[in-house]
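All remarks here apply to the structure that follows.
The values are calculated or read from the model by the stated rules, or taken from the named source; none is laboratory data. None of the values given here were measured: they were computed from a predicted structure. Ideal geometry is used to build each Cβ from the backbone, glycine not excepted, and the neighbour counts take in all protein chains shown. Surface accessibility is based on the protein's heavy atoms, side chains included, excluding ligands, DNA and RNA. Shrake-Rupley method; radii C 1.70, N 1.55, O 1.52, S 1.80 Å.
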Amino acid sequence: MGAVQENNMISLKGKTAIVTGASRGIGAAAVRKLSDLGAKVFFTYKSSSDKAKLLAGETGATAIPCDQSDGENIEKTVDEIFAQTGSVDILVNNAGITKDGFLLLMPYADWNGVLDTNLNGAFRWTKCAAKKMYAKKAGTVIFVSSVSGLVGVPAQTNYAASKGALCAFARAAAAELGAKGIRVNTVCPGFIETDMTAKIPRDIARAQKERIAMKRFGKAEEVANAIAFLASDESSYITGQTLVVDGGLTGCV
């Protein structure tokens with residue numbers, strides 16, 4: 001398990017965190033960061049069991065197989081984590097999928113599948129975790145959205161709809177839960193170096209980097225830093241907000 005950095009302003013000692021869909025990419029970076037800052041981390045995965053086991057061994061976090069569509073298992077998982085630790089302090093709704101395709105050709109199954117995983121799954125986790133936070137009158141929920149939910153991206157109507165909805169979901173949930181000490185915020189990454197962006201053809205990737213003020217793709221660790229800030233008491237008066245981590249892609253055009 002990563003050692004807690006005593007000289008770091010942010011500390012998550014004594015906190016219990018859940019990160020969904022975290023066997024790789026941004027989710028895995030979040031698990032590493034939250035663990036390094038002292039949180040007891042539980043993370044879910046669906047199919048990448050080998051990567052999940054490696055991440056658990058590296059960080060000391062607990063890997064849990066769990067499908068975003070299985071509401072009963074999600075509720076059971078949250079109950080078991082609460083029974084083991086006595087609290088659920090941080091929920092990072094990171095799990096998401098893409099099934100890109102042009103609107104006029106998109107099968108209903110691809111639309112429904114992305115919305116159910118990315119949006120409905122986040123609802124299931126948030127409802128269960130917020131119940132535990134509500135009793136304690138403290139907690140923070142962080143949605144990992146995307147700049148695709150803020151700007152138009154061709155062939156991503158399903159993904160954009162799901163990610164844009166997360167931003168709206170966070171604002172409404174923040175208004176509803178704030179009086180009970182529960183904060184809800186959203187992180188919107190831009191182009192980040194992950195397995196997903198590695199599939200982008202080189203010429204298209206080069207063109208996209210030219211659109212970014214910092215002229216490069218971001219790193220998963222840079223998004224994890226934003227997640228850690230919103231998870232910590234350093235952001236104690238921030239709720240209902242969308243933090244865009246995109247190197248200036250949307251802010252400098």
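To the nearest Å, what is the center-to-center distance of the stretch 17-68 and the stretch 144-164, using C-alpha atoms only?
25 Å
At q = 0.13 Å⁻¹, what is the base-10 log of I(q)/I(0) for the chain according to the Debye formula with one equal point scatterer per Cα and no solvent? Please give it to two decimals.
Values returned for q = 0.13 Å⁻¹ are -0.78.
Which percent of the accessible area of the chain is formed by carbon and sulfur heavy atoms (probe 1.4 angstrom)?
Values: 6720 of 12380 Å².
Answer for the chain is 54 percent, counting heavy atoms of protein chains only.
May I ask you to give the solvent-accessible area per residue for the chain, in square angstrom, as obtained with a 1.4 angstrom probe?
Values: 12380 Å² over 253 residues.
Here the residues of the chain average 49 Å² of exposed surface.
Can you compute the helix-only [θ] at 222 nm over the chain? Use -39500 (n - 2.57) per DSSP H run of at least 4 residues, normalise by all residues, nearest 500 deg cm²/dmol. It would help to have the intermediate numbers written out before the result.
Details: 8 runs with 105 residues, N = 253.
Per the formula, -13000 deg cm²/dmol.
In the structure displayed, which of K46/K127; K15/K132; K15/K215 lie more than 25 Å apart, Cα to Cα? Could the numbers behind the result be given before it?
Details: K46/K127 20 Å; K15/K132 13 Å; K15/K215 36 Å.
Going by Cα-Cα distance, K15/K215 fall outside the 25 Å limit.
Connecting C-alpha atoms closer than 10 Å in a GNM of the chain, tell me which of D100, D36, D50 has the biggest fluctuation.
D50
I need to check one value: relative contact order of the chain, counting alpha carbon pairs closer than 8 Å and at least 6 residues apart, in percent. Don't skip to the answer; put the middle values down first.
Numbers: 503 pairs, mean separation 48.2, N = 253.
Relative contact order comes out at 19 percent.
With point charges of +1 on the Cβ of Lys and Arg and -1 on the Cβ of Asp and Glu, referenced to the Cα centre of the stretch 1-144, which listed residue (G21, I97, V141) lies farthest in the positive direction of the dipole?
Farthest towards the positive end: V141.
Span-like helices, the chain: DSSP H, alpha-carbon axial extent 27 Å or more, mean Kyte-Doolittle -1.0 or greater, which ones? Don't skip to the answer; put the middle values down first.
On the way: long enough: 157-177 (29 Å, 0.50).
Passing helices, by number: 157-177.
What residue among K53, K199, K215 shows peak mean-square fluctuation when the chain is described by a Gaussian network model with Cα springs under 10 Å?
Fluctuation is largest for K199.
So how strong a dipole does the stretch 7-82 carry about its Cα centre when Lys and Arg Cβ are +1 and Asp and Glu Cβ are -1, to the nearest 20 debye?
Working: 10 positive and 9 negative charges, 86 e Å.
In debye, rounded to 20, the stretch 7-82 gives about 420.
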